[in-house]
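The values are calculated or read from the model by the stated rules, or taken from the named source; none is laboratory data. Predicted, not measured: the structure shown is a model, and the values here were computed from it. We place every Cβ from the backbone using ideal geometry, glycine too, and count neighbours over all the protein chains shown.
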Amino acid sequence: MNTLTDLLSLVFIQRALIAGLLLATLAGIVGIMTLIRKTAFYGDAVAHSSLAGVAIGLAFGVYPLFTALIYSVIVALALPSLKKRLSLSLDNILGILLPFSMGIGVLIFSLLPGYQPEMMSFLFGNILTIQLQEIYLIIGIFITTAIIFWQLLPQMLATSLDEEYATLLGLNVKWLQRLYEVLLTIIIVAGVKLLGVILINALLIIPASAAKNLSSSLKLWLILSPIFSVITVLGGIISSVLLNTPPGATIAVFSGVVFVISQIYKNVLTFVNMQNKSISLPSTKTVMINQKNNDS
Amino acid sequence: MVEETKNQPVLEIKNVNYTYPGSLEPAIYKINFSLQPKTINMIIGPNGSGKSTLLKVILGILKNNGKISFFDKGKNISHNEAHIGYVPQKSALDTTIPVTVNELLSLTQKSCKRCSGTAESEIVAILQKVNAVDYRYKKIGDLSGGQLQRVILGRALLHHPKLLILDEPEAGIDIQGEQFFYEVLQNLVEKEDVTALIATHEMEVVNQYADQVLCLNKTLICAGTTAKTLNKETFEKLYGVHTRPFNHTHAMHTHEGNHHEHAH
């Protein structure tokens, strides 16, 4: 108990927990839209692309998350036009852009003089190195995104659920789609320090998938997903400090465990429900006997 | 009542053509017809005849250079004012998503610029119209094909549509569900001042419910009542030489030939 209290009194742990709490909440909601839209690979590609932006920033002495954000937003906004001009599927373009951008990033890192510890930090994340100005940035992103969700969440969800029908409803589907993509990109880039470009997608996909397993409605899903996301991040950070393991990887494994538990719970629940149904239904033999009695 | 509004169509289509980008042949061409209010109109034709394309052109999803006019009691109105309701061929809804019937309709209500309000009572009223109020709090994934299709019909009614467009609504529904769906639809057309335009393959349904049949094979081959259109000549033009409709007078199947018998 003392160890935990001591941990929480450390400034870098406090920053990690605040950043983790805010980003996890946002990722929990955006993750739902990612699952509805079936665009898990999109998040992965944008995250990996951001490494090029990080490397460009470091090469020119600019704050790397800023250049990563610019680079990734440009990639995200260019995707629909690339898809149209090249007549390729989105998956196909992402499959080209992901290794290309990541390759650019690694090449630039290799050209920078001396050892580059930042590269490993951006690849796998290190939430414990979060600075005060990054906390301010994350708070800004949280407030902006929360206002957008407050105003537009029903429209964004309606578009995610059925794009064609949303067009018929008179919604500006293209604009709402770009908005989702930009928000997703911002959250991913802001979360790069948390989990790194390789693992950040885990925060978007796994807690939302675990919450989906236990949700009987969209409302419940929207409540459970951020909760699972926060549990995952906070649990992962504390475990990583206590076990002296890399925080990004620990959070990813922790979220995987949460998903497995939710899946087991869902399977047990389905089994019990099926058992109850089969008990409440009369057996074929009983029905036949009743039929026979009625006939006679 | 229907007689009074005759010759004042709700929809008039003149010389509509559509060619998909990159295609050399038109998907539909020289389409002309009109729909009378409070009628059930059914488009029949083989696969690839342009049924879905025509519906999407009317919906405004695909742009064309023909003339599509909407009317309300004889007055020309815009596409937006026409309040078109749409029931797609196969709903794009992913039934693994944990969304309840109530949430689906509520999201539509909140996102719809043309819907009249956001009241829960309206959702209940619409679900009652389509006999789906019992499933209000059920997940869409827990519904049968027929139940889900009635919910999708309910979603289309949130617009208070004058014109309902349905693209093979019976796809994936069992016969009992299909019958129930069309009974609900017929009731809506009779009581709610709605006109329905339906693309279908089900000849029994056409025979039973259609006020007007539109035979489409890229262009309109015939249009008129079931008695006028459901005959051997039309079917041969639409589906090939070895097809013949069932005898609709006696509602019996009297198919001949080996293929395209049901136009499936």
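Couple of notes before you dig in:
- Count of the range B:134-160 residues which are over 20 Å from B:Ala171 (Cα atoms) and outside any loop (DSSP other than H, G, I, E, B): 3
- Which numbered condition A:Thr245 misses (of (1) part of a helix (DSSP H, G or I); (2) modelled with pLDDT under 95; (3) more than 13 Å from chain B (Cβ to nearest Cβ)): (1)
- Residues that are in a loop (DSSP other than H, G, I, E, B), hydrophobic (A, V, I, L, M, F, W, C) and surrounded by 19 or more Cβ atoms within 10 Å (Cβ to Cβ), drawn from the range B:162-177: B:Ile173
- Taking the listed residues A:Thr39, A:Thr25, the one that is among the hydroxyl-bearing types (Ser, Thr, Tyr), out of contact with any helix residue (DSSP H, G or I) (no Cβ under 7 Å at 6 or more places or on another chain) and surrounded by 13 or more Cβ atoms within 10 Å (Cβ to Cβ) is A:Thr39, with no other qualifying.
- In the set A:Ser160, A:Ser215, A:Ser239, only one residue is in contact (Cβ under 8 Å) with a residue 40 or more places away in the chain and either part of a helix (DSSP H, G or I) or within 14 Å of another protein chain (Cβ to nearest Cβ) (or both); that residue is A:Ser160.
- Among the residues of the range A:39-48, some residue qualifies, meaning at least one is at pLDDT below 90 and in contact with a Pro (Cβ under 9 Å, 6 or more places away or on another chain).
- Lone qualifier among B:Lys38, B:Lys56, B:Lys30 - being closer than 24 Å to B:Cys222 by Cβ and assigned to a strand (DSSP E or B): B:Lys30
- Whichever residue in the range B:56-114 is among the small types (Gly, Ala, Ser) and over 30 Å from A:Leu214 (Cβ atoms) and, among such residues, is farthest from the other protein chains (Cβ to nearest Cβ): B:Gly74
- Pairs, first of a type in the set (Asp, Glu) in the range B:9-33, second part of a loop (DSSP other than H, G, I, E, B) and surrounded by 13 or more Cβ atoms within 10 Å (Cβ to Cβ), C-beta under 8 Å, six or more apart: B:Glu25/B:Thr19
- Residues located in the range A:58-79, provided they are without any contact (Cβ under 8 Å) to a residue 40 or more places away in the chain, within 22 Å of the chain's Cα centre (by Cα) and either surrounded by fewer than 18 Cβ atoms within 10 Å (Cβ to Cβ) or not in a helix (DSSP H, G or I) (or both): A:Phe66, A:Ile70, A:Ile74, A:Ala78
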